[in-house]
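The values are calculated or read from the model by the stated rules, or taken from the named source; none is laboratory data. What you see is a predicted model, and the numbers here were worked out from it, not measured in a lab. FYI the Cβ positions are ideal-geometry reconstructions off the backbone, even for glycines, and counts take in every protein chain you see.
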Amino acid sequence: MNRRDFILSGSKAAMGLALASSPLISVGKNRSSLSILFTNDWHSRIEPFPMDEGRYQGLGGASKRAALIERIRQENKHVLLLDSGDIFQGTPYFNFFGGKLEFELMSQMKYDAATLGNHDFDNGIDGLVRQMPFASFPFLNCNYGFEGTKLDGKVLPYKVFKKGGTRVGVLGVGIELTGLVSKKLFGNVQYKDPIQHANDVADHLKNKLKCDLVICLSHLGFEYKTDKVSDITFAKQSANIDLILGGHTHTFIERPIEVINKRSKVVNILQTGWAGINLGKIDYEADSYFEDQKAQNCMVKIS
Amino acid sequence: MKLFSKHFYICLILAALGCNRLPYTAKVGGQLNTLDSSWKESSKRIDNLIQPYKAQIDSQMNIVVGYSAEELIKSRPESALGNGITDLLISYGTSHINNDIDLCVLNYGGLRAPLPKGPIVVGRIYEIMPFDNTLVVITLSKEQLKSLARHILTKSGEPIGAKRHVKIMNYKSGAIFQFEEDSLNVKKSYNILTSNYLADGGDGYTVFQSKPRFNSNILIRTALIAEFSKTTQKEPFKAVIDGRIVWDPNNE
C-alpha cells in the first residue's frame with residue numbers, strides 16, 4: 001500500500017515512511033503480525049467536523065475511517081479493532097437517532113469490542129440497551145455491577161481473541177458514574193474498584209487462559225491533578241496488563257506512554273484524542289508469543 | 001531511520017540472550033493516523049449507510065437562526081463563549097422562567113464547540129449544547145452562594161452571567177460574588193439559573209443538591225435558538241470579556 005497516505009502528526013510522517021521502507025519490517029510482515037487499531041470518545045462524530053469549526057474542521061469522519069481500516073485489513077489479516085467508550089453524544093445524530101447509526105457503523109467497520117463511557121449512559125440504561133441490537137461487537141467492562149438492571153448479561157468482563165498464533169485478552173474498565181451522569185440515567189449500575197477488578201481479570205487472562213497479550217480498554221481518563229484514579233495510577237498498580245487504550249480525557253498521545261507496573265514490567269498507555277480525528281494503530285510482530293516485555297518495549301519508541 | 005534499525009537489532013539480541021526458548025517478540029510501534037483532508041479515500045458502503053440519516057438531519061440543521069459578530073471560543077477563567085452563552089440564558093430565563101434571576105452558571109465542560117463568526121445554523125447550537133439539558137432555577141442562601149463561588153474558583157473558572165456585571169473574587173477569607181447592583185449584594189437568597197445536570201450535582205456541583213428548585217423543562221438549546229433569533233446580519237450577537245472572574249494568586 002502507499003504509506004504516504006498514512007498521515008502521521010508532524011515530523012513523524014517521515015518516520016512512518018522510514019519504518020515502512022525498512023526491510024526488517026517487511027520481513028516481519030510475512031510472519032505473524034498483529035495490528036491493534038483503536039479509537040475513543042468519538043462522540044457521534046459521524047461526519048468530519050464542519051468547515052466552520054476552526055481547529056478541527058474537516059477532520060475525522062466515519063467513512064474515511066472505514067476506508068483506512070479497510071486498507072489496513074487488506075495489508076494485514078490479523079487486526080483487532082477496539083474502542084474505549086463515549087461513542088454517544090456530541091452531534092445531532094445522537095439527538096435524533098439515539099446512537100443507532102454509531103453502532104451500525106462500528107458493526108460495518110467490524111469492531112471487535114468496545115467499553116462503556118459515561119456518555120454512553122446519556123439516554124439512560126434503556127437508551128443504551130435499545131441500541132445494543134445494532135452492535136455486532138461485545139461491550140466489555142469488569143468494574144460495573146449490572147445486577148438487577150437491564151444491562152445484566154449484556155456486558156462481558158473480558159473477551160479472548162485468537163489472532164494467528166496469538167491469544168489476546170481484552171478487558172474493559174469504566175469511570176465512576178456518580179457526579180458525571182445523573183443517577184436517574186445510570187440507575188442501579190454499581191461502580192467497583194477498577195484496579196482490583198482489572199487485576200483479577202488480567203490475572204485470569206494471562207495465567208489461566210494463557211493470553212499472550214492483555215489489553216485493557218479504559219474510560220478512566222489519562223491523568224488528573226487530584227488523586228482520582230486514572231490510567232497512570234491504574235497502570236502503576238496493575239499486573240498482567242500490557243497495554244491500556246484509554247479515553248474520557250480526550251488526550252492526544254502520539255507515542256506510547258510507558259509506566260512501570262507493580263511487578264516492574266512496562267505497561268503502555270495510548271489514547272487517540274477524540275471524535276475520530278485519529279485512528280490509533282499499534283503493531284506487534286511475533287512468531288507466536290508475546291512474553292518478553294523488554295524486547296517488546298524497546299521497540300515502542302519507533303514512530 | 002538508521003537509529004530505529006539499530007534499536008530493532010538491539011531488541012533481537014536482547015530477546016535472544018534473555019530467553020533463548022522464546023519465540024522472538026517485538027512491538028513495532030504506535031502511531032496516530034490523522035483523518036485529515038489529505039486522506040481522500042472514503043467508503044461508498046459507509047456513505048450509503050449514512051445518507052438517509054444525514055438527509056433527515058440536514059433538512060433541519062442547516063436553518064440559519066442568527067448571526068455572530070466574532071468567533072467565540074471557550075477558555076478559563078472566563079471566555080467570550082462562556083460569557084456570551086450565560087448572558088443569553090439570563091436574558092431568556094428572565095423573560096420566560098423567573099424575572100428574579102440573579103445569576104446563570106454553566107460548566108466549562110458543557111460547552112462542546114465554539115461559535116463561528118457569521119451565520120449560526122441550528123446544527124451549531126446542537127454542536128455547542130448536544131446534551132438534552134434543561135433550564136433549572138435553584139435558590140441558594142448567601143452562605144451557599146459563597147460555596148458556589150469557591151467551587152467555581154476551584155475549577156479555575158466556569159461560565160457565569162448576570163443581568164448586569166458580576167464578578168467572582170477570591171480573598172484570603174474565601175471567595176465571593178460581587179454584583180454591580182448594590183442591592184444584589186445584600187439579598188438573603190439568590191436565584192441561580194443552571195442546567196438540570198449541574199442542579200443534580202453533576203461536575204462537582206453538590207452545592208445545588210437538595211436546594212429549592214424549579215424545573216422549567218425547557219431545553220437549553222431551545223432557549224439559545226430563541227435568543228439567537230433576535231440577532232440579524234446587521235445586528236449580530238456580540239459577547240464581552242469583562243473580568244468576571246478575578247483570581248488573585250496572592251490570596252491562594
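Of all residues in region A:92-104, those satisfying the criterion of being over 22 Å from A:I175 (Cβ atoms) and either at the interface with chain B (Cβ under 7 Å from one of its Cβ atoms) or crowded, with 24+ Cβ neighbours inside 10 Å (or both) are A:P92, A:Y93, A:N95, A:F96, A:F97, A:L101, A:E104.
The residues listed here are A:E70, A:E75; of these, the one that is facing another protein chain (nearest Cβ under 9 Å) and of a type in the set (D, E) is A:E70. Taking only region B:104-161 into account, find how many residues are within 14 Å of chain A (Cβ to nearest Cβ) and either touching a strand residue (DSSP E or B) at 6+ places or on another chain (Cβ under 8 Å) or not in a helix (DSSP H, G or I) (or both). Residues in region B:104-161 being within 14 Å of chain A (Cβ to nearest Cβ) and either touching a strand residue (DSSP E or B) at 6+ places or on another chain (Cβ under 8 Å) or not in a helix (DSSP H, G or I) (or both): 26 in total. Residue count for region B:37-57 under the criterion of being free of Cβ contacts under 8 Å to residues at least 60 places away in the same chain and under 18 Å from A:F94 (Cβ atoms): the result is 9.
Scan region B:192-237 for residues that are crowded, with 17+ Cβ neighbours inside 10 Å, in a loop (DSSP other than H, G, I, E, B) and modelled with pLDDT of 95 or more and the total you get is 3. Among the residues making up region A:200-246, a single one is within 14 Å of chain B (Cβ to nearest Cβ), small (G, A, S) and buried (at least 24 other Cβ atoms within 10 Å of the Cβ): A:G246.
Note on region A:159-193: residues that are within 28 Å of B:A199 (Cα to Cα) and not aromatic (F, W, Y) total 19. Looking only at residues of region A:118-159 that are hydroxyl-bearing (S, T, Y), over 16 Å from the mean Cα position of the chain (by Cα) and buried (at least 16 other Cβ atoms within 10 Å of the Cβ), we find that the one that is farthest from A:F96 (Cα to Cα) is A:Y144.
Residues considered: A:D126, A:D122, A:D83. Of these, the only one that is more than 11 Å from chain B (Cβ to nearest Cβ), closer than 14 Å to A:L185 by Cβ and of a type in the set (D, E, K, R) is A:D126. In summary, B:E78 fulfils each of the numbered conditions (1) modelled with pLDDT of 95 or more; (2) surrounded by 23 or more Cβ atoms within 10 Å (Cβ to Cβ); (3) not in a helix (DSSP H, G or I) with the single exception of condition (1).
Within this structure, A:T115 passes the test of being surrounded by 24 or more Cβ atoms within 10 Å (Cβ to Cβ) and within 11 Å of the chain's Cα centre (by Cα).
Give the residues of region B:20-52 that are charged (D, E, K, R) and modelled with pLDDT under 75, sorted by residue number. Correct list: B:R21, B:K27, B:D36. For region A:247-268: of the residues being in a strand (DSSP E or B) and among the β-branched types (V, I, T), which is farthest from the other protein chains (Cβ to nearest Cβ)? Of everything passing the filter in region A:247-268, A:I260 is farthest from the other protein chains (Cβ to nearest Cβ).
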